[in-house]
Amino acid sequence: MDLQFTNTQKLEIKKALKRGIYQELHDRDFLTDVQLNELLGRNM
């Protein structure tokens, strides 16, 4: 399957994946609340 995404879609997918990874790390206690908020703030 050959998926075609616009540059905007690629960027939004990348941001969503990062947010999910950061949230999972926080849920597993690898990141503090402060670290999570800092990373999410950078990812906007």
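On the basis of being among the β-branched types (V, I, T), at pLDDT 95 or above, touching a Phe, Trp or Tyr at 6+ places or on another chain (Cβ under 9 Å) and surrounded by 11 or more Cβ atoms within 10 Å (Cβ to Cβ), does I13 make the cut? The answer is yes for I13. Residues that are in contact (Cβ under 8 Å) with a residue 24 or more places away in the chain and open to solvent by 80 Å² or more (accessible area, probe 1.4 Å) do not occur anywhere in region 20-43.
Scanning region 1-19 for residues that are under 17 Å from N43 (Cβ atoms) and either in a loop (DSSP other than H, G, I, E, B) or among the hydrophobic types (A, V, I, L, M, F, W, C) (or both) yields L11, I13, A16, L17.
The values are calculated or read from the model by the stated rules, or taken from the named source; none is laboratory data. None of the values given here were measured: they were computed from a predicted structure. Using ideal geometry, Cβ is built from the backbone for each residue, glycine included, and neighbour counts are taken over all protein chains shown. With ligands, DNA and RNA removed, areas are computed over all heavy atoms of the protein, side chains included. Shrake-Rupley method; radii C 1.70, N 1.55, O 1.52, S 1.80 Å.
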